[in-house]
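Report on one structure; see the data block that follows.
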Amino acid sequence: MTHKSLVTKELREICDNGLTQDEAQRVVHQALVKGKNFHPETIIQQSLVRAFHLAADDAFDQAIDTGRLSADPDADNYAGDYKYMGLGPTGARFKKIRMFCWIITRDHLDNKDMSVSGPSGVSDSEVESAKNGTPFRMYDDDGILNLSGRATQNGGEELFAPLNDYGLPSYGCTEIRFFLNGRWKTI
């Protein structure tokens with residue numbers, strides 16, 4: 001592979017990872033200038049590793065040190081709720097990982113309000129988010145409504161979490177229904 005085609009291939013990879021072509025050319029140029037005595041392929045690959053795998057730990061540490069993210073699990077910008085996405089035009093990029101969270105707000109058997117949330121380890125901000133989430137109801141095997149609440153909704157198996165984590169072991173619930181598209185749907 002020629003030096004020019006190698007650089008073009010690496011530039012394409014860099015651009016696919018979110019940098020503009022100008023930024024990518026700077027990364028490659030810096031790599032070539034620093035490593036005059038090394039094979040270009042090796043230098044470019046080492047530069048890519050530094051540029052795109054800036055070590056997520058370092059990116060998180062930097063973001064926490066500057067106040068962009070927080071080490072406090074109860075903070076809205078808690079670092080544990082974010083995923084490192086590499087470097088972008090303005091520095092390290094992070095994406096909020098929306099954690100599925102549920103809160104049970106009503107015990108229909110005892111006709112009383114309650115507040116039980118999960119899964120364990122969710123932050124207060126995620127619980128607050130769940131309070132505005134999709135309504136759900138849990139029923140026992142006789143079809144009797146036992147519990148109701150709300151959940152942030154990502155879909156998939158996690159929709160069974162309120163049932164599996166609390167409804168089944170604590171109340172014997174065997175069915176969960178979510179209010180989706182204007183009607184109650186059994187999951």
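Read the figures in this text as sums done on the coordinates, not as results from a lab. Quick caveat, the model's predicted, so the values are computed rather than measured. Cβ atoms come from the backbone with ideal geometry, glycine included; neighbour counts cover every protein chain shown.
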Q) Once the Cα atoms of the range 68-130 are picked out, what are the Rg and Dmax in Å? A) 15.9, 56
**Q.** Sorted by Cβ density within 10 Å, fewest first, the residues 177, 137
**A.** 177, 137
**Q.** Exposure proxy ranking, count of Cβ atoms within 10 Å, fewest first, for 90, 174
**A.** 90, 174
**Q.** Fewest-first sequence of 104, 144 by Cβ atoms within 10 Å of each Cβ
**A.** 144, 104
